[in-house]
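Take a look at the structure below.
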Amino acid sequence: MTDTTTAQAAVEGAPLKRLFIKTYGCQMNVYDSERMADVLRPLGYGMVDDPEGADLVVLNTCHIREKATEKVYSELGQIKLMKNRKAEAGGQMTIAVAGCVAQAEGKEIMHRQPAVDLVVGPQAYHQLPELIARAHRHSGERLSADFAADEKFDALPAERHVTGVTAFLTVQEGCDKFCTFCVVPYTRGGEWSRPMDTIVAEAQGLADKGVREVTLLGQNVNAYEGGLANLVRRLAKIDGLDRIRYTTSHPADMDEALIEAHGELPELMPYLHLPVQSGSDKILKAMNRAHTAESYLRLVEKIRAARPDIAMSGDFIVGFPGERDGDFEATLNLIREVRYAAAFSFKYSKRPGTPASAMPGQVAEEVKEERLARLLALLDEQTIGFNNRVVGRTVPVLFERKGRHLGQIVGRSPYLNGVHCEGPEQLIGQIVPVKITGASKNSLAGVLAPVLEPA
Ligand code: 5AD
Ligand code: SF4
């Protein structure tokens with residue numbers, strides 16, 4: 001999960017009713033936002049890229065850290081002004097809060113910001129049309145925060161609206177791990193997996209519409225019931241679906257079958273997001289992580305034995321309660337051993353109701369800041385190092401879109417780097433050999449190459 005904010009926008013002619021969705025937090029929310037748009041499309045709603053004047057504004061929220069939650073309330077303040085402006089002009093704007101803040105805070109949101117018309121939790125998106133109708137009638141319950149994930153997936157339209165050559169596909173939701181810092185087990189509920197056949201059918205539908213790459217999503221995706229490796233093997237057989245990724249994985253659920261699949265399946269991309277959080281066993285224990293620094297390192301070794309070029313990515317928390325300098329040094333040491341290609345680092349943030357929020361030894365903000373800066377410096381160095389090692393190689397790139405400059409196209413390497421290249425637009429949607437000529441922290445530059453280098 002990353003803490004990016006994306007305004008989702010696709011202006012599709014002039015829709016009957018204007019829908020604006022803003023997505024916070026992880027990719028699971030990105031998937032959910034697309035599915036909400038699918039639910040609302042038959043009602044005449046089409047996406048617009050500006051909330052001003054919209055008929056329905058949905059904020060799909062994130063509760064993972066305090067900052068993410070606070071952003072939602074400040075955004076709601078802005079949206080409320082737009083709602084007032086629209087009302088003055090004789091129109092009507094409906095404001096919906098969805099996602100994990102909706103699940104965690106429920107009605108409280110409408111108390112704190114009365115301009116909010118309805119609140120809908122992550123498992124209840126199929127009820128949006130009914131909730132909107134009630135809001136317009138000014139009668140009935142305007143909160144839905146049920147936990148039944150199976151109902152949600154059964155009730156969502158089978159058809160997906162596809163806009164690109166890559167797509168997210170949620171296969172699992174919820175988490176049973178109860179890391180002591182994390183709200184997810186409370187906001188998304190227990191682990192639940194979608195039946196394999198429905199996932200395969202959805203993936204087939206995506207492939208039929210030109211999708212070449214899917215990213216399988218789950219809070220604990222490798223805890224997928226039925227085996228993530230089995231699912232990946234079935235998806236790999238789908239014609240046209242040439243790239244499969246998955247996120248996020250817990251080290252304790254990384255089984256032999258999945259590691260083997262990384263060694264065997266060319267469709268399974270060599271990138272693995274495997275959060276470790278800390279390199280100190282004392283802290284890992286207090287976090288209830290169910291692994292040690294050593295067991296994590298051995299696991300990475302095994303994965304690299306199966307797929308030597310795999311790009312490792314991780315999540316890190318600095319300033320967890322009780323973290324001393326020595327514990328933080330242990331995290332830096334673990335990072336030096338693993339050599340990450342990508343990483344997401346966070347200052348520990350107290351979350352209501354989680355065990356860690358009541359633990360003694362809360363770390364001062366300045367200490368968190370200082371540790372985060374040192375962590376980022378090391379991780380940035382590793383990312384640049386990884387990217388530099390790709391320079392000079394010829395790698396397959398799936399082109400996804402036009403670049404910002406004329407004649408430029410942009411795609412991704414197997415390692416998930418963005419790759420910029422001069423080339424014809426017709427290559428969008430194709431996987432093409434590119435010789436990498438330059439690297440920065442965030443992306444690679446390359447030139448179209450005649451053939452791939454021998455493996
Ligand atoms: N404070 C800081 N970071 C957190 N994460 C989860 N909960 C917290 C918290 N309370 C981070 C973890 C997780 C990622 C999605 O967010 O690193 O892997
Ligand atoms: Fe949160 Fe831990 Fe579950 Fe990840 S594994 S969602 S960090 S409780």
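Assorted remarks:
- Top-ranked residue of the range 103-120 - restricted to ones that are crowded, with 19+ Cβ neighbours inside 10 Å and aliphatic (A, V, I, L, M), ranked as farthest from R142 (Cα to Cα): A104
- Looking only at the range 313-331, and only at residues there that are away from ligand 1 (no atom under 16 Å from the Cβ) and part of a helix (DSSP H, G or I), the one that is least open to solvent (accessible area, probe 1.4 Å): A330
Matching residues to (1) under 18 Å from H273 (Cα atoms); (2) outside the structural domain of M312 (by TED's automatic domain parsing); (3) not basic (K, R):
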site: A342; (1), (2), (3): yes, no, yes
site: A364; (1), (2), (3): no, no, yes
site: F399; (1), (2), (3): no, yes, yes
site: K402; (1), (2), (3): no, yes, no
site: Q430; (1), (2), (3): no, yes, yes
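- Scan the range 130-144 for residues that are part of a helix (DSSP H, G or I) and surrounded by 14 or more Cβ atoms within 10 Å (Cβ to Cβ) and the total you get is 5.
- Among the residues of the range 41-59, those identified as crowded, with 24+ Cβ neighbours inside 10 Å and either closer than 18 Å to L156 by Cβ or of a type in the set (D, E, K, R) (or both) are Y45, L56, V58.
- Filtered residues of the range 67-102 (kept if touching a Ser or Thr at 6+ places or on another chain (Cβ under 9 Å) and open to solvent by less than 30 Å² (accessible area, probe 1.4 Å)): A68, T69, V72, V97, A98, G99, C100, V101, A102
- Taking first residues from the range 174-187 that are among the aliphatic types (A, V, I, L, M) and partners that are near ligand 2 (Cβ under 6 Å from one of its atoms), the Cβ contacts under 8 Å between residues at least 6 apart in sequence or on separate chains come to V184/C175; V184/Q219.
- Of the residues making up the range 206-220, not one is open to solvent by less than 30 Å² (accessible area, probe 1.4 Å), assigned to a helix (DSSP H, G or I) and not aliphatic (A, V, I, L, M).
- Of the residues making up the range 281-297, one or more are away from ligand 2 (no atom under 16 Å from the Cβ), over 25 Å from K350 (Cβ atoms), over 23 Å from the mean Cα position of the chain (by Cα) and touching a residue at least 24 places away in the same chain (Cβ under 8 Å).
- Residue, nearest to ligand 1 (Cβ to nearest atom), within the range 145-202, restricted to residues that are assigned to a strand (DSSP E or B) and open to solvent by 40 Å² or more (accessible area, probe 1.4 Å): F168
- Assessment of the range 101-121 against the conditions (closer than 25 Å to T198 by Cα, part of a helix (DSSP H, G or I), in contact (Cβ under 8 Å) with a residue 60 or more places away in the chain and not assigned by TED's automatic domain parsing to the domain that holds F346) yields no matching residue.
- Residue that is outside the structural domain of R212 (by TED's automatic domain parsing) and either open to solvent by 20 Å² or more (accessible area, probe 1.4 Å) or of a type in the set (K, R) (or both), where the choices are R371, R412: R412
- Among the residues of the range 229-276, the ones that are of a type in the set (D, E, K, R) and over 16 Å from A167 (Cα atoms) come to 8 in all.
- Conditions (1) open to solvent by less than 30 Å² (accessible area, probe 1.4 Å); (2) in contact with a helix residue (DSSP H, G or I) (Cβ under 7 Å, 6 or more places away or on another chain); number of the one not met by A439: (1)
- Residue count, the range 332-355 (criterion: within 12 Å of ligand 1 (Cβ to nearest atom) and either touching a Ser or Thr at 6+ places or on another chain (Cβ under 8 Å) or of a type outside the set (S, T, N, Q) (or both)): 11
The values are calculated or read from the model by the stated rules, or taken from the named source; none is laboratory data. If you're wondering where the values come from, they're calculated on a predicted model, not measured in any experiment. Because the Cβ atoms are built from the backbone with ideal geometry, glycine has one as well, and the counts that use them run over all protein chains shown. The accessibility values were calculated without ligands, DNA or RNA, using every heavy atom of the protein model including side chains. Shrake-Rupley method; radii C 1.70, N 1.55, O 1.52, S 1.80 Å.
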